[in-house]
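These notes concern the structure reproduced below.
The values are calculated or read from the model by the stated rules, or taken from the named source; none is laboratory data. These figures come from a predicted structure and were not determined experimentally. Note that each Cβ is placed from the backbone with ideal geometry, even for glycine, and that neighbours are counted across all protein chains shown.
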Amino acid sequence: MNKELMEHIKRLKEDKKALILAHYYVNDDIQEVADFVGDSYYLSKLAMERPEDIIIFCGVSFMGESAKILSPNKTIISPNVDAKCPMAYMISIDKIKEIREKYNDLAVVCYINSTSEVKANSDVCVTSSNAIKIIKNLKEKNIFFIPDNNLGKYLSTKIKNKNFIFHDGYCPIHKNVSKEQVIKLRDIHRDAKIVVHPECNYDVISIGDFVGSTSEIIDYVCKSSQKEFIVCTEEGILYELKNKNPEKNFYTVTPYQICNDMKKITLENLLRSLTNLDSQVLVDDGIKVRAEKALKNMHELAR
Ligand code: 13P
Ligand code: SF4
C-alpha cells in the first residue's frame, strides 16, 4: 500500500469535504482510505442520506449512477468510468416489454446490478440483502426477476407464494465457483463453514452453511465461534473479514474470484478524480425520473 498517496487522499478529501464510499470488492488500499465500506444496499442508503455534496463512489458504474439518480443535486464521481458490472448489461428493454405483454399481475424486479435504463423499465429494485423482504411484500403474483438467474432462483426457494419468471443473466465471477471445488476444499478443511453469495450457482448455494450479501457474510463470520471459513464470493471481502477476525482462517475456492472491474478503481484514479472533480456521473433526465421510482420503491419497502 502506498501510505504517502493514501495520506494525500485523506487530506484532500477533508479539504474538499468529500465523502469516499467503497464496496467490499475494491482494492484493499481503497477500502482503507474510504469513509465507509459496505454492501450495495448500505452504500446506496448512505449516498442518499449523508450530508456531503461531493461523493466519490468507489465501485462499479451502476452504484454511482444509482446514487446520482437518488441525489441529483450532489456531485457523484466515479474514479474510473470503465468500471462496469458485466451482468448489468445482460437484459434488454425488449425482453422486459415481451414479458410485460405476456403476464398480468406482474412486477418487474430488478437487481441493483443493472443499467439505469433497465431500472427505468422496472417496478422496483432490490439488492441481495433486501430482496426477500421486498418481494414478499409486493402485491403482484408474478415476478420477473432480472438480470441474475442465480439470485432469482435462490429467492424463489425462499418465497413460495410467488410465480417467478427468470432471466439468464449472471455474474461471471460467482458463476465460476463450482460445487465440486467447494467440496474438495471442505474435504481438506473439515471444520470450515461455507459462506456463499447468492450470485453463485444454486448447487453451491445448496451446500452453503450461510448465504447472504457481502455485509451479511461479514456479520455471520464475526458472530460465529467457528475458526475456518470457505469463502464463495469475490476475494476483496477478505480485507474486512481478516481485519475484523484476525484469529480466523479464510479460504477462497479458486484464484479467480476477482472482479476485474471493481479493481479498476486505484489510488491514482481516485486522487485524480478527487483533485479535478472530473469523471462525474451523469444520468439522462428522461431515464432519471423513471429509474428514481424503482430505487425509491426499494428504499421504502426495505425500511
Ligand atoms: P452486495 O450487495 O452483496 O454487496 O453485492 C454486490 C455485488 O456486486 C455482488 O457481486
Ligand atoms: Fe458485477 Fe460480479 Fe463484479 Fe459484482 S462481482 S460487480 S456482479 S461482475
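So is I205 modelled with pLDDT of 95 or more, within 17 Å of A131 (Cα to Cα), out of contact with any Asp or Glu (no Cβ under 6 Å at 6 or more places or on another chain) and buried (at least 20 other Cβ atoms within 10 Å of the Cβ) or not?
yes
Is it true that some residue in the range 80-100 is at pLDDT 95 or above, in contact with a helix residue (DSSP H, G or I) (Cβ under 7 Å, 6 or more places away or on another chain) and of a type in the set (K, R)?
Yes, some residue in the range 80-100 is at pLDDT 95 or above, in contact with a helix residue (DSSP H, G or I) (Cβ under 7 Å, 6 or more places away or on another chain) and of a type in the set (K, R).
Scanning for something crowded, with 18+ Cβ neighbours inside 10 Å, touching a residue at least 60 places away in the same chain (Cβ under 8 Å), of a type outside the set (A, V, I, L, M, F, W, C) and within 16 Å of ligand 2 (Cβ to nearest atom), does the range 176-192 turn up at least one residue?
Among the residues of the range 176-192, not one is crowded, with 18+ Cβ neighbours inside 10 Å, touching a residue at least 60 places away in the same chain (Cβ under 8 Å), of a type outside the set (A, V, I, L, M, F, W, C) and within 16 Å of ligand 2 (Cβ to nearest atom), which makes the answer no.
Can we say P72 is touching a residue at least 24 places away in the same chain (Cβ under 8 Å), closer than 13 Å to S116 by Cβ and either away from ligand 1 (no atom under 16 Å from the Cβ) or in a loop (DSSP other than H, G, I, E, B) (or both)?
Values: touching a residue at least 24 places away in the same chain (Cβ under 8 Å): yes; closer than 13 Å to S116 by Cβ: yes; either away from ligand 1 (no atom under 16 Å from the Cβ) or in a loop (DSSP other than H, G, I, E, B) (or both): yes.
Spelling it out, P72 is indeed touching a residue at least 24 places away in the same chain (Cβ under 8 Å), closer than 13 Å to S116 by Cβ and either away from ligand 1 (no atom under 16 Å from the Cβ) or in a loop (DSSP other than H, G, I, E, B) (or both).
For the range 1-40: of the residues being in a strand (DSSP E or B) and within 22 Å of K244 (Cα to Cα), which is nearest to ligand 2 (Cβ to nearest atom)?
Initially, the range 1-40 is screened for residues in a strand (DSSP E or B), giving 18-23, 36-38.
Next cut, within 22 Å of K244 (Cα to Cα) only: 20-23, 36-38.
Working: I20: 18, L21: 15, A22: 13, H23: 8, F36: 18, V37: 15, G38: 14 Å.
My answer is H23.
Could you go through the range 96-105 and let me know if any residue there is within 21 Å of P172 (Cα to Cα) and more than 16 Å from ligand 1 (Cβ to nearest atom).
At the first step, the residues of the range 96-105 found to be within 21 Å of P172 (Cα to Cα) are none.
The answer is no; no qualifying residue exists.
Would you confirm, using the coordinates I've provided, whether I132 is under 25 Å from S215 (Cβ atoms) and either in a strand (DSSP E or B) or out of contact with any Leu (no Cβ under 7 Å at 6 or more places or on another chain) (or both)? It would help to see each step written out before you state the result.
Details: under 25 Å from S215 (Cβ atoms): yes; either in a strand (DSSP E or B) or out of contact with any Leu (no Cβ under 7 Å at 6 or more places or on another chain) (or both): no.
Taking the combined requirement at face value, the residue does not satisfy it.
Do we find that I217 is within 16 Å of ligand 1 (Cβ to nearest atom), among the aliphatic types (A, V, I, L, M) and within 25 Å of N80 (Cβ to Cβ) in this structure? So that I can check it myself, show each step before the final result.
Numbers: within 16 Å of ligand 1 (Cβ to nearest atom): yes; among the aliphatic types (A, V, I, L, M): yes; within 25 Å of N80 (Cβ to Cβ): no.
Spelling it out, it is not the case that I217 is within 16 Å of ligand 1 (Cβ to nearest atom), among the aliphatic types (A, V, I, L, M) and within 25 Å of N80 (Cβ to Cβ).
Out of curiosity, is A47 without any contact (Cβ under 8 Å) to a residue 40 or more places away in the chain and under 18 Å from R272 (Cβ atoms)?
On the way: without any contact (Cβ under 8 Å) to a residue 40 or more places away in the chain: yes; under 18 Å from R272 (Cβ atoms): no.
No.
Mind counting the residues in the range 240-262 that are of a type in the set (A, V, I, L, M), closer than 17 Å to I230 by Cβ and not in a loop (DSSP other than H, G, I, E, B)?
Of the residues in that region, 1 qualify.
Quick one: which of P147, P72 is modelled with pLDDT under 95 and either surrounded by fewer than 16 Cβ atoms within 10 Å (Cβ to Cβ) or in contact with a Ser or Thr (Cβ under 9 Å, 6 or more places away or on another chain) (or both)?
Values: P147 fails: modelled with pLDDT under 95.
The match here is P72.
Would a scan of the range 196-206 turn up a residue that is charged (D, E, K, R), closer than 19 Å to P86 by Cβ and within 16 Å of ligand 1 (Cβ to nearest atom)? Walk me through how you get there before you give the answer.
In the first step, residues of the range 196-206 are kept if they are charged (D, E, K, R); the result is 199, 203.
Remaining after also requiring closer than 19 Å to P86 by Cβ: 199.
Restricting the remaining residues to those that are within 16 Å of ligand 1 (Cβ to nearest atom) gives 199.
Scanning the range 196-206, I find at least one residue that is charged (D, E, K, R), closer than 19 Å to P86 by Cβ and within 16 Å of ligand 1 (Cβ to nearest atom), so the answer is yes.
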